[in-house]
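Step one of this worksheet: look at the structure below.
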Amino acid sequence: MSNTDPGCIFCRIVAGQIPSTQVYRDDRALVFNDIHPVAPFHMLVVPIKHITFLAAAPEATEPVLGHLLRVAATVASQKGIEAAGYRLVVNQGPNAGQEVDHLHVHVIGGRRLGRLG
Ligand code: 5GP
Ligand code: ZN
């Protein structure tokens with residue numbers, strides 16, 4: 001796993017080469033608003049290091065994978081959507097509609113969400 005991929009849009013956002021509305025950042029994760037929100041709150045939690053898919057994430061990445069979920073919960077709380085509830089989504093591959101091959105967790109909330117599928 002390389003740390004960054006210069007052709008990856010999310011690596012470029014992490015590097016500040018593409019502007020984004022940042023919500024949270026630490027040494028392992030960045031959260032920014034999705035450019036095409038599907039709900040009043042729609043944020044993306046991404047690892048600072050380039051990870052493509054879960055299937056390509058070695059065991060050594062378990063701490064950062066867990067960190068992404070904790071950060072998702074943190075920003076949901078900070079945005080005030082925790083009590084009403086929210087949804088986390090990780091798209092993997094074409095059938096899920098994954099557009100960006102840099103692992104990310106969608107944090108979606110702020111309205112009643114429809115059933116999955
Ligand atoms: P995926 O379908 O891969 O799970 O989700 C990719 C998400 O990234 C989409 O919801 C899309 O709107 C968002 N996205 C794609 N390009 C950009 C960008 O340049 N900036 C931001 N903020 N979001 C992006
Ligand atoms: Zn990347």
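The values are calculated or read from the model by the stated rules, or taken from the named source; none is laboratory data. None of these values were measured; they are calculated from a predicted model. Counting neighbours? That spans all protein chains shown, and the Cβs are built from the backbone with ideal geometry, glycine included.
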Could you tell me whether any residue of region 96-109 is part of a loop (DSSP other than H, G, I, E, B), touching a Gly at 6+ places or on another chain (Cβ under 6 Å) and modelled with pLDDT of 95 or more?
no
Matching residues, region 7-33, being more than 15 Å from VAL105 (Cα to Cα), among the charged types (D, E, K, R) and more than 11 Å from ligand 1 (Cβ to nearest atom)
ASP26, ASP27
ARG70 vs. criteria modelled with pLDDT of 95 or more, farther than 29 Å from THR4 by Cβ and surrounded by fewer than 13 Cβ atoms within 10 Å (Cβ to Cβ)
no
Selected residue [touching a helix residue (DSSP H, G or I) at 6+ places or on another chain (Cβ under 7 Å), surrounded by 15 or more Cβ atoms within 10 Å (Cβ to Cβ) and either of a type in the set (S, T, N, Q) or on the phi < 0 side of the Ramachandran plot (or both)] from VAL75, VAL107
VAL107
Looking for whichever is surrounded by fewer than 11 Cβ atoms within 10 Å (Cβ to Cβ), out of contact with any helix residue (DSSP H, G or I) (no Cβ under 7 Å at 6 or more places or on another chain) and under 21 Å from ILE9 (Cα atoms) here; the options are ALA60, ALA96, ALA83. Which one fits?
ALA96
